[in-house]
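Below is one structure, written out as structure tokens; comments come after it.
The values are calculated or read from the model by the stated rules, or taken from the named source; none is laboratory data. Everything numeric here is computed off the predicted structure, so don't read it as measured data. Every residue, glycine among them, receives a Cβ derived from its backbone with ideal geometry; neighbour counts consider all protein chains shown. Accessible surface areas use protein heavy atoms only, side chains included; no ligands, DNA or RNA. Shrake-Rupley method; radii C 1.70, N 1.55, O 1.52, S 1.80 Å.
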Amino acid sequence: IDTFREKRANWRLIYYSGDDETGVGELQFLYSCSFNLSEELAEPNAFNQEDEQVFSFSRCVTKTSFFHVHEAEADKHRIIISVDRDILLYGVGLTLKSSPKKVLLTLQVQSDSVHGEWNKTVRHVVFHKDDVSVDSDVLQFPGPVLLSSAESYLLMLSFDGGESYLYQDGKETVTAVIDSQNKVQFKFASYKDDEVTNVNEGVINKLFFRHL
């Protein structure tokens, strides 16, 4: 245990005062109130033998036994993403309880002409019922998509039927650690007032990427 004479910022102090000759003792423990920050070791994933190594991480800590029923056609779930360095995004994780008829995977950036509107599509993929089942664990873009550190992106999953398990304890910032020399910081933000998928929880959890 390290002891210090001076009081330091972000250290919690615990005192002991004794009646004997030992006097007063002091222990100082580092604490942090930044609960929305996380550092996670990125997991390697081989999509196929020709690809360079792809990594994945989860933005939420806890997978729950609760699930969301995608009742309406085009039941949309969105999360805003930004990165601190350019990456290639390969896909998004999926955890289904029952199979949907169709899933749309869309990536958008804000329009140059209409301020604040996410109507500039970077990539849009349609997965039909023959493409997606309860055994599917990732929705993969046909080819990797470049994410620039200069942009923010809206990632959207749109379901037609089916059920998805929910994740909770999401983080606003996750640093995906590839190795001692390579890290990627992902920042997340909620889209409007979505009560199902947002920074804290939702059906969008794992991302698959490669650093550049």
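Summary table below
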quantity: Prolate/oblate/rounded label for the range 41-118 (Cα gyration tensor, a/c 1.5); calculated: oblate
quantity: Of the trypsin sites (Lys or Arg not before Pro) in the range 158-212, those whose Cβ has at most 13 other Cβ within 10 Å and which sit in DSSP loop; calculated: LYS192
quantity: Percent accessible area from carbon and sulfur atoms, the range 85-212, protein chains only, probe 1.4 Å; calculated: 42
quantity: Solvent exposure of the range 89-184 as accessible area per residue, Å², 1.4 Å probe; calculated: 48
quantity: Extension reserve of the VAL61-ASP193 stretch, reckoned as 0.36 nm per residue once the Cα distance is removed; calculated: 45.4 nm
quantity: Listed pairs LYS63/LYS183; LYS97/LYS192; LYS76/LYS102; LYS76/LYS101; LYS97/LYS206; LYS97/LYS120 exceeding 21 Å between Cα atoms; calculated: LYS63/LYS183; LYS97/LYS192; LYS97/LYS120
quantity: Value of relative contact order over the range 100-159, rounded to a whole percent, pairs C-alpha under 8 Å and six or more apart; calculated: 48
